Each structure stands twice: as structure tokens, then as C-alpha cells.
Amino acid sequence: MPDLPCSAWVVRSFIVQFRLLGLLEVTDDDGRQVEIVRGRESSLLALMLLHANAALSTERIIEELWAGAPPENARKSVHIYVSRLRKALGADRIRTTPAGYVLRVRSDELDMSEFESLAAEGRRALDESRSADAEQVLDKALALWRVAPLAEFRFEAFAASETRRLEELHDVVVADRIDARIACGRARTVIGELEVLIERAPLWERPRAQLMRALYLAGRQADALALYRRTRVVLDEELGVEPGPELQRLERQILNQDPELGEPVPPPRPTLRKRRLQLATVTVVVLSTAAIVVATALSRGGGRPALAIAHNSVAVIDPRTERLVADIPVGDGPGRLIAGGGNVWSLNIASRTVSRIDVTRINAVRTFAIGRSPGDIAYGHGSLWTAEASRRTLDRIDPATGITVGSVTPPVPDYPETNDGGEVAYASDAVWFGSNHATVTRVDPSTLRVVKTIHSLDVGPGGEIVASPDAVWVDDSFGNVTLIDPHTNDAVAEAHLSTSDVGGIAVSAHAVWATAVDQGLLWELDPTEVQPINSFPVGPDPLGVALGAESVWVANAGGTLTRLDPSSGKTTTIRLAGSPDGVAFANGLVWVGID
């Protein structure tokens, strides 16, 4: 973007900031938004910002805005749009020259230019081995990034190439910041962020090399070499190529423990609290084994002794032995549990936090403060999504930092009686958001634009949404389960269960599973006919439901975890010393939130 010296022109406009790294925003001296009419007028402003301080002829504008198919009055429309923009931005902002219209913008007034400037400054600091300075500058650059660049113009031809360029630059800046953090001796802190980056760009070798080095420096040499082997498989299957020279050299360095990589840090010694937890886990297993005879005698009164689990924690259970593997402290009131991005995520409702648990390193936990009161969470598109009904807001969360990077509030009818909770799910490259009892909204995860709001569902509050590539299922507190076709975005079928409260829902290849809280039942529905075909007693107050290890797992708030073999209908009850709510299955283990 050409940047004119201040002496070349004087702008009397009150505008101080133009933002393109997300939805288009313009603010004045006081930080108030300047209203720009959405549609062709805002598209013209975006186009002129992309060519700031350069002349755009009317013919060029018409070609870009209407993509080669302009209406007869296109020239007149352009003049009207320019006139309106001058009124909104100040008459001196847009000059008319023999070559066309010129929008005059200083580099410090446009977030896109500031982002590029900070990215270059951070790269220079890295090249000069000023890692701490580089991290600080790159943090400032990434803080400018709200959602996808040019979000509302994603499908406009004039913005396509610039959007791709900025997104690629964003990933480079993230990778540069990771290099800075590794150089500052914080390899462990970037592992989760790198896993997300690899998930988003699986064929990009740079983050794979960074993760290999980070794992090695974190004392996980075997994991680093295993990642290299997986990378070879991915590149061979997808591209038919071997890893590049850098990755091959890095593998040799890790095998030889090359000092050039830095000194690996041994895994942290368990703290006293962790040791006590480990000892308690061993003790539980020993005592449970020693008490087989007692457990048999007590079978009429509820089976073997309850697993000793702390409140406000996530219990990890081995499905092969049905024994406790770990008991992980999280925030207050863990409710919804989901798996995604190599982690299990716990929504801690009472403390308004979300805890991220690494499924391969169970004690690697980080808890983020959300600030709002979300009722549900989902993971997809490299992001964590939280839903809050009271503000009817869907938030996009950076899974590495816990920072909210985008929000959307779909225009839906107001139902005051449903101002609690909120539901969200991810599938079919879409986020599905329910904020009241009559609507489900499909949102584009890249732009946060509403694709469609599905109205008039016979769905009550307090429900849950689950999604797969071919179906979206919504349950509620009134005994209804509704099927939405993600290809048409229409509600196509509905089942009415003989219950007044559906607690949770999960979907397998051959069935839909829904819990009836008031009946203590797990209902099995035919996913094609959308009708109940069977029910199983699972315990008092069944809430969460998950699938894994060829079983259906139900968390019962009454203090049990029930395992159902769907082929035989046989159930097994695991008693828990606490009140379980959410349940998830990941990395071959069952994860249960204990309130």
C-alpha cells in the first residue's frame, strides 16, 4: 500500500482507525463506530482500503464490485456510494483525480498495514536473536487479528487473493512467535498451540518440525521421533513425497541428541499433591482388589465400593478394567465435557472457566477464564466454541491462549424464559448454535457469518446439539429429539420420547442415544426413521452420554457411571464418590466431570 508522507496532504476527517482483520469496522476519535451501509457501499470501502492511496478508476471499481456483470446503472451507483462514503468519513478522505478515486490512509490508521509492519519487525528481531523482543512484537501483531481477514467479503472476487495472503501471513507470524518462545526456553508452553496449527495445516512441514523440537526439549524424545514417523506417513499418503531436508536433518539431530538443539529439560518431578494423588490412585486399586469378597457380598446393595474422586475434578477411567487412572482438578462445577484437538475440554460452569487437558499427558492441564456464562462448548476448525443463551452469543476461543477471538449474535426471537445455557456443536464445516427453544443457527466458522437460522423447531430449552457430516440432532427438556439435514439446513424429522426431560444425546453409526433424566433411562432411536426402538435403565438422573470402547457411557448425577453394551443390552454400573455430569471418550479412556 503506498503511504503518503504527512506533508503531502492534510486530512481533516475525524476517522482514526480502519479495520479489515475481521468484519469491516471504522471508528472515530472517541472509539465509536462509524456506520457504513452494508452491501456494495461497504464493499467499495474495502476495495479502496486494499488499494489505499492509489487511484481506482470508475471502470475498475465496476469490474471489481460486480465481477464482470454490472447493471446498467453501475456508474451512477458508484458515484452515489462515493458520495455516501465522503459524508461518513469526511470529504477530504476521498479525492477525485484524473486517474480515479483515491482513498487517503496513513499506515497507522489501517490494522492490516500495522499487522504487516509488526510481522516484519518481529521477524527481524528473530533473525537478530532477540527472542524476547520478537515475542513481544508478534504478540502485538496477533492481537490485531479478530476473525478471518475481510470476513464479510470472503466470497467476493476482489478480496479472494488478499484474504489468502493475509491468512498465510498470519500462520507465519504464529510460527515465528512459536520460534521465539522456544528460543526463550518455553518449549513446553507451545506444544498445544502447535498441535492446533498442524490440525489446521496438516501438510505444512514447519510446525511439524517445531513440534518435534519442542517435544525433544520438553524431555519427550520418543514422542518427537514418533511424530516424525507419522509425518512420513501423512506426506507419503497425501503427496507421495518424503519429509523435506529440514525434517530429515532434525530427526538425525534428535536421534543423536545433538547439542545444537539445546539441552532437553527433564520432565517435572511430581509435586507433593500429585504424589498424593498418585498414591491415592494406587491405594484405590489395591483396596478394590483386596475387597473382592466384600464387593460380592455388597452386590445387592450397589456393587463394589465407589471410586474415591474429588469434587470439581475430571475422573479418568480405563474401560478395560473400569478402574480409576487419574483424578484431575479443574474449575468449579465441571459440566459439559468434549474431546477435540488432542485434548479433553471441561466447561466449569460455576467458575466460568474452561479447562484443557492433554489426552496423552493427563496431568497437563490449563484452565482459562471465559468471563461470560456459557452453557455449552464445542471444538472444530482449530477453535473452541462457547455458547451463551443469556446474551444469545456464540464465541470463538483460541484454544492455545483461551482468548476470545470472535463473536456473533444471530438475530433470533427473544424468549426471556430461556436465558440460561445455550447449545453448540461443530460438523460439516459449520458451527450449530442454539440460543433459545425455537431456533438453531448455522454459522460459517471462518467468517462468523450466519448461514441460516432454522425457525419453528418444536424444541424446548435446556437441550443439547450433536452433529455429524450427515445429520444434526437437537434434544430438549420436553422430550423431543429433532433431526436437521445439514445439506438443506432444514428440520426434517422429530421424535417424541415419553419423558419430560432429555438430558444428553450422542450419535453412533447405527443409533441415536438420548437420556431421559426423569425416568433414569437411555433411549435408543433409529437414525433413519427417527423413532425410539429401545430403552435401558441406567441409573438416577442420567445427564451426559458418550460413545467409546464399543460401549455407550452414561453419567448419572445420582453418583454412578453406567456402561451399556449395545449389542447385548447388558449394563455395568461404576459407583463414583461424587455427582457426575459430563462424560467424554478420548485416547481409549473415559473422562467424567465430577461436580
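The table below gives the values:
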read-out: Flag if residue 401 is of a type in the set (S, T, N, Q) and more than 12 Å from the chain's Cα centre (by Cα); value: no
read-out: Single match in 300, 273 (criterion: charged (D, E, K, R), at pLDDT below 50 and either more than 36 Å from the chain's Cα centre (by Cα) or not in a helix (DSSP H, G or I) (or both)); value: 300
read-out: Test for residue 197: is it on the phi > 0 side of the Ramachandran plot, in contact (Cβ under 8 Å) with a residue 24 or more places away in the chain and surrounded by 20 or more Cβ atoms within 10 Å (Cβ to Cβ); value: no
read-out: Identity of the residue in the range 488-507, in a loop (DSSP other than H, G, I, E, B) and without any contact (Cβ under 8 Å) to a residue 40 or more places away in the chain, that ends up nearest to residue 338 (Cα to Cα); value: 501
read-out: Residue in the range 214-222 that is under 24 Å from the mean Cα position of the chain (by Cα) and within 18 Å of residue 250 (Cβ to Cβ) present; value: yes
read-out: Enumeration of residues in the range 565-578 that are surrounded by fewer than 20 Cβ atoms within 10 Å (Cβ to Cβ) and in contact (Cβ under 8 Å) with a residue 60 or more places away in the chain; value: 572, 573, 575, 577
read-out: Check on residue 234, in a helix (DSSP H, G or I), touching a Pro at 6+ places or on another chain (Cβ under 9 Å) and at pLDDT below 95; value: yes
read-out: Residue check, residue 43 at pLDDT 85 or above and small (Gly, Ala, Ser); value: yes
read-out: Residue 47 vs. criteria under 32 Å from the mean Cα position of the chain (by Cα) and either assigned by TED's automatic domain parsing to the domain that holds residue 405 or not acidic (Asp, Glu) (or both); value: yes
read-out: Residue ID - nearest to the chain's Cα centre (by Cα), chosen from residues in the range 117-173 that are of a type in the set (Ser, Thr, Tyr) and within 23 Å of residue 39 (Cα to Cα); value: 163
read-out: Residue list for the range 532-557, filter: surrounded by 15 or more Cβ atoms within 10 Å (Cβ to Cβ) and of a type outside the set (Gly, Ala, Ser); value: 532, 536, 538, 541, 542, 543, 545, 547, 552, 553, 554, 556
read-out: Helices (runs of 4 or more DSSP H) lying entirely in the range 76-184 (those with 3 or more residues that are in the same structural domain as residue 56 (by TED's automatic domain parsing), crowded, with 21+ Cβ neighbours inside 10 Å and touching an Asp or Glu at 6+ places or on another chain (Cβ under 8 Å)); value: 131-143, 157-183
read-out: Count of residues meeting criterion [closer than 23 Å to residue 181 by Cβ and not in a helix (DSSP H, G or I)] in the range 245-262; value: 3
read-out: Scope the range 42-75; condition part of a helix (DSSP H, G or I) and farther than 19 Å from residue 154 by Cβ; matching residues; value: 58, 59, 60, 61, 62, 63, 74, 75
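Per-residue answers, yes or no, for (1) loosely packed, with under 10 Cβ neighbours inside 10 Å; (2) closer than 17 Å to residue 190 by Cβ:
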{"position": "220", "(1), (2)": "no, yes"}
{"position": "232", "(1), (2)": "no, no"}
{"position": "240", "(1), (2)": "yes, no"}
{"position": "260", "(1), (2)": "yes, no"}
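Rundown of residues vs (1) surrounded by 21 or more Cβ atoms within 10 Å (Cβ to Cβ); (2) within 18 Å of the chain's Cα centre (by Cα), yes/no style:
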position	(1), (2)
326	no, no
343	yes, yes
347	yes, yes
351	no, no
356	yes, yes
365	no, yes
370	yes, yes
381	no, yes
385	yes, yes
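The values are calculated or read from the model by the stated rules, or taken from the named source; none is laboratory data. All of these numbers come straight from a predicted model, not from anything done at the bench. Reconstructed Cβ throughout: ideal geometry from the backbone, glycine too, with neighbour counts over all protein chains shown.
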